[in-house]
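Read the structure below first, then the notes.
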Amino acid sequence: MNKNHSVRSWILISICFFILIASISYYLSNASSKNSTSQQITFTDVGFDTAITFEANCSKSDFDRYASIVSETFQYYNQLFDQYHSYDDINNVYTINHSAYSEAVAIDSELKSLIQTAMDFNEINSNFDCTQGDLLDLWHSYREEGLTLNADGKDGELPSDTEIQNALQHGGNDKVILQGETIQFSDPDTKIDLGGIAKGYATQKVKERLEEEGCSEGYINAGGNVVLIGNKDQEPWKIGVKDPDHESSLIEVTSQNPKAFVTSGDYQRYYIADNQVYSHIIDPDTGYPPVYHRSVTVICEDSTLADLLSTALFCMSLKDGKAFLSEYYPEVQAIWIDNISNDAEQPILQTKDYNIYATDNCKDQIDLIQ
């Protein structure tokens, strides 16, 4: 065999090998693509007093792995932020509220960080106060009793103004001492309540863990806290915002980027007293449920911030809420759904029941659902 023939043979073999590898790669790529489908699961037992839905476009084996991450992570943070129950081998919010006056309590760095985040926000906006746990416990007890009475067709009762004013005295950043990895209270009746931020934080952490594990397209809906992952078939996401008086969505928001959508509304965990609806959200400035809005939806990159802001904005007038966002969070988008009123600005959309308002940076992304 001459030299030229050997070279030609080697080239032919190399080309055949390349074609084989390319064919295998193409097959595997297409097989993987065919195995990727949109799959969904709803958890009702992972905490935060809500159903949690997870959807992803991936293979069955990957979805099962992702679903385990969702379940385990939500359960962990539910225990860490739980203020009503204690758990073995963990100092959580319950532990803090029952022990931090008598001694400094060692806490997880994440728990400390979230408390500090909430307290820092309170320095610029008093409408969110994680130290008013005593006030929120007061309303919680009346709400739970009221829900039982409502189920029997009876009105619930309201806490007295004296009870409310007394509870308000025990809150305040000055009563919380965060030092090193410990927390202590200077007032025996001070309590921490992270209900207005904890679910948003947990949802954000679940998203980050899923992305680290390779999830590239999907979403998490944790009872009004929606976090998007990746792009939906390279098309915009369309997120519905609930009608406050019906189960259907009232408006649809289009988003080019995977963001967090968090809604706070008066239709969640309310009770009826004196023939009026009283929301579970309490304004720490007044001690009472606010009556400005039916719902507030915040859209931004981080679910923790969205959760915190939606709670605070729900306790503020439309004018004050817009001014606050403009000064401190101009990149954040917000949508307010209010009952029909003549004393507010011109709505961007209107139905027979509602006025809909929005920050300028998202008003063109909102449509009524007919």
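The values are calculated or read from the model by the stated rules, or taken from the named source; none is laboratory data. What you are looking at is a predicted structure, and each value in this text was computed from that prediction instead of being measured. We work out accessible area using only protein heavy atoms, side chains counted, and drop any ligands, DNA or RNA first. Shrake-Rupley method; radii C 1.70, N 1.55, O 1.52, S 1.80 Å.
Things to note:
- Evaluated at q = 0.24, 0.30, 0.33 Å⁻¹: base-10 log I(q)/I(0), Debye formula over Cα of region 276-318: -0.82, -1.10, -1.21
- Region 92-223: C-alpha gyration tensor shape, a/c 1.5 cut-off, then a/b vs b/c: oblate
- The value obtained for region 170-243, namely the Cα convex hull volume divided by the number of residues, is 146 Å³ per residue.
- Taken per residue, the accessible surface of the chain reaches 51 Å², heavy atoms only and a 1.4 Å probe.
- Accessible area (Å², 1.4 Å probe, nearest 10) - LYS232: 90 Å²
- Cα-based Kirkwood hydrodynamic radius, the chain, one decimal, Å: 23.0 Å
- Among the protein heavy atoms, those of ARG65 account for about 90 Å² of accessible surface (1.4 Å probe, every chain in place).
- Probe 1.4 Å, all protein chains present, accessible-area order of TYR84, TYR77, largest first: TYR84, TYR77
- Note: region 138-181, Cα convex hull, 70 Å³ per residue.
- Straight-distance candidates among the aspartates and glutamates for linking to LYS154, with alpha-carbon spacing under 17 Å and chain neighbours fewer than 8 residues away dropped: GLU144, GLU145, ASP274.
- For the chain, the fraction of 1.4 Å probe accessible surface lying on carbon and sulfur atoms is 48 percent.
- The slack between ASP64 and ASP360, meaning 0.36 nm per residue of separation minus the straight C-alpha distance, is 102.5 nm.
- Solvent-accessible surface (1.4 angstrom probe) belonging to SER141, in square angstrom, nearest 10: 60 Å²
- Counted residue by residue at 0.36 nm each, then reduced by the alpha carbon distance between them, the extension gain from ILE272 to THR351 reaches 25.9 nm.
- Listed by chain and number, the lysines whose alpha-carbon sits under 30 Å from that of LYS232, ignoring those within fewer than 8 places in the same chain, are LYS34, LYS60, LYS199, LYS205, LYS207, LYS242, LYS259, LYS363.
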